[in-house]
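Here, each number is a calculation from the coordinates, and none is a lab measurement. Source: prediction; values computed, not measured. Cβ placement follows ideal geometry from the backbone for every residue including glycine, while neighbour counts extend to all protein chains displayed.
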Amino acid sequence: MKTTIIPSYLQTSQGQRADKILRNCVHCGFCNATCPTYQVTGDELDGPRGRIYLIKQVLEGNAPSEHTQLHLDRCLTCRNCETTCPSGVHYSRLLDIGRHLVEQSVKRTWSQRVQRSALRSFFLSPLFGPTLQLGRLLRPIMPAAIKKTIPLRNDIATGTSSQAHTRKILLVQGCVQKSLQPAIDVAATRVFGAIGIQTINAATSACCGALSHHLSAEEVALQQIRHNIDSWLPLLEQNDIEAITMTASGCGVMIRDYPHLLADDTEYAVKAKRISEAYRDPIEIVSADGDRAIEQLKKEPKASSNKPSVAFHPPCTLQHGQKISGQVEALLTALGYTLKPFANNHLCCGSAGTYSITQKNLSRKLLHNKISSIEAADSDMIITANIGCQTHLQSATEKPVRHWLELLI
Ligand code: SF4
Ligand code: SF4
């Protein structure tokens, strides 16, 4: 695509990156075919090609409007378009640049500012856990519509957790997951322990930065990321730790993006690359051990019990963001689970961080479509790999929704 980015911006490294991405796009529109928001609204500007065009206009000096901001806000950042694009366009990186520029020019309404600030404050506050706990206590007397938005806590696996092993990984707890479903990290510790890997917990449990990043609080997100790097790097370098992991794929894709987000930070760019390169999703760690891991996991008590049939919902942050496909399914099959395929498993469920709150209508429509597809497969259980998807899906179905790690142990 031919571009005429304003010269002052083209002189910056960010402007040059944006120009390079834009020039890779041939405007073919293949990406629209797999864009969830385009499928729902049918509006070209709610598809990747249209959003790329909107961002191009801003970069070429046209003033963005609330209309521009709305169409960029409606993007789920699911990256399905990146998987589809035959030209390798890094859409999400261009979107980051576009959103940042639009945020600087278009003042949000008072209600949007209050909502965005409240969401960040609440989810990142130490009061989130106690408030959730109170909500769970009051759940029985709540109206059904509110009740289903407050997830119950799943049972936590009992038994020995991580024993001392020569192999070690750093397990980082995120911000909300430890309150929503603490069972997931406990299960991860036991799964890794079962295959001979000791889990070292990061001393600080902090947000990966995604929450602020997706709510356009860019500087807050970058400060959080720098803080994480400062906390994790010494552990990586001093303790023979072979990888960093988190059990939410949404956090994983964020950590993999640290070098891109800090590309212009002379102090942190190299450190960010080191952290990102050390990052592994839990399924990569287990799969890397191949048959040996499967034989060890088959010795766990759950492996010999009756196994439910499962529908695996691969989060966008796993399949499109981290480009990890088929590995969870292969592991579950090898362990004797029956997988029930369902239609459109490449599409987003509508969770996407705080999207289910900031873009309620679109999110609900996507959730309805997703649950209809999954329930048609008639599995006993729904399995996923990201706390956001897990909570979102559970709000719309009676079937149990679990992280794959919880299933194994
Ligand atoms: S992003 Fe890729 S698929 Fe979409 S219009 Fe551009 S080149 Fe085509
Ligand atoms: S990231 Fe997802 S919602 Fe956004 S344009 Fe791409 S496919 Fe559409």
How high is the relative contact order of the chain, given as a whole-number percent (alpha carbon pairs under 8 Å, six or more residues apart)?
-> 15 percent
Relative to the chain, whose Cα atoms define the longest principal axis, helix 110-123 and its Cα axis are tilted in degrees, nearest 10, by 30 degrees
Asserting the computed 222 nm helical MRE of the chain (DSSP H runs at least 4 long, -39500 (n - 2.57) per run, divided by residue count, to nearest 500) equals -14500 deg cm²/dmol
For each cysteine in the chain, check whether another cysteine's C-beta sits under 4.7 Å from its C-beta; list those where none does.
-> 25, 28, 35, 75, 85, 349, 389
Report, to the nearest 10°, how far helix 13-24 tilts away from the longest principal axis of the Cα atoms in the chain, using its own Cα long axis and a range of 0 to 90°.
-> 90 degrees
Most exposed first by the Cβ proxy, i.e. fewest other Cβ within 10 Å, how do 215, 366 rank?
-> 215, 366
Fewest-first ordering of 127, 222 by Cβ atoms within 10 Å yields 127, 222
Could you line up 76, 137 from fewest to most neighbouring Cβ atoms inside 10 Å?
-> 137, 76
PRE reach from residue 346 (point 7 Å along Cα→Cβ): which of the range 38-63 fall under 15 Å by backbone N?
-> 38-39, 48
Would you mind checking the range 30-58 for residues with the amide N under 16 Å from a putative spin-label position 7 Å along Cα→C-beta of residue 260?
-> 48-49, 52
How many angstrom separate the Cα center of the range 46-93 from the Cα center of the range 130-187?
-> 35 Å
On Cα atoms only, tilt of 128-138 relative to the major axis of the chain in degrees = 60 degrees
So how do 244-253, 299-308 stack up, highest first, on mean other-Cβ count within 10 Å?
-> 244-253, 299-308
